[in-house]
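The values are calculated or read from the model by the stated rules, or taken from the named source; none is laboratory data. None of these values were measured; they are calculated from a predicted model. Because the Cβ atoms are built from the backbone with ideal geometry, glycine has one as well, and the counts that use them run over all protein chains shown. Ligands, DNA and RNA are excluded from the accessible area calculation, which covers all protein heavy atoms including side chains. Shrake-Rupley method; radii C 1.70, N 1.55, O 1.52, S 1.80 Å.
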Amino acid sequence: MRRAILFLFIICSLSISCSTSKKALHSNSASFSTSESDGSSFDKAIVIQETHETPGIDAEYAWIRNKYPGSQTNSQALVYHNKRPFDIIHIITSDNAKVDVYFDISNFYGKF
């Protein structure tokens, strides 16, 4: 009987955790600008709409996963441009191209 309850608890926990991660990924997909911004420069930076750091960072990486599937993050830099904070994430695409992606993080930077 105890094993059955333990097994049921594990199955329930796994199904809840799987459904939660799907919701988090889905919510991040709308957390960045969808205009003509392509992230290729400060002027074309992706504006992250989140207002707290953890979801903001998640939105940056969700954008990269959507735009450059199979890419790897090489490094990241926090810089200021026109008194606004930006993340520049240096990635290597799946075809080994090096790309810098610019994110305007002023909506969430420093907000926990």
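Please report the equivalent ellipsoid semi-axes of region 44-112, computed as sqrt(5 x eigenvalue) of the Cα gyration tensor, largest first, in whole Å. Don't skip to the answer; put the middle values down first.
On the way: eigenvalues 89, 35, 16 Å².
Equivalent ellipsoid semi-axes, largest first: 21, 13, 9 Å.
Can you tell me how much longer the chain between Phe112 and Tyr80 gets when fully stretched, taken as 0.36 nm per residue apart minus their C-alpha distance, in nm with one decimal?
Details: separation 32, 0.36 × 32 = 11.52 nm, distance 1.95 nm.
Full-extension gain reported as 9.6 nm.
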Taking the Cα centre as origin and putting +1 on Lys and Arg beta-carbons and -1 on Asp and Glu beta-carbons, what dipole magnitude results for region 66-112, to the nearest 20 debye?
180
Roughly how many Å² is the accessible area per residue of region 48-96, as a whole number, for a 1.4 Å probe?
61
Amide hydrogen neighbours beyond the local backbone of Ser71, cut-off 5 Å, H modeled
Ser94
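Apply 1/(1 + (r/R0)^6) to the Cβ-Cβ distance of Asp100 and His52, taking R0 = 35 Å, and write down the FRET efficiency to the nearest 0.05. Please report the intermediate quantities before stating the final value.
Numbers: r = 25 Å, r/R0 = 0.71.
About 0.90, to the nearest 0.05.
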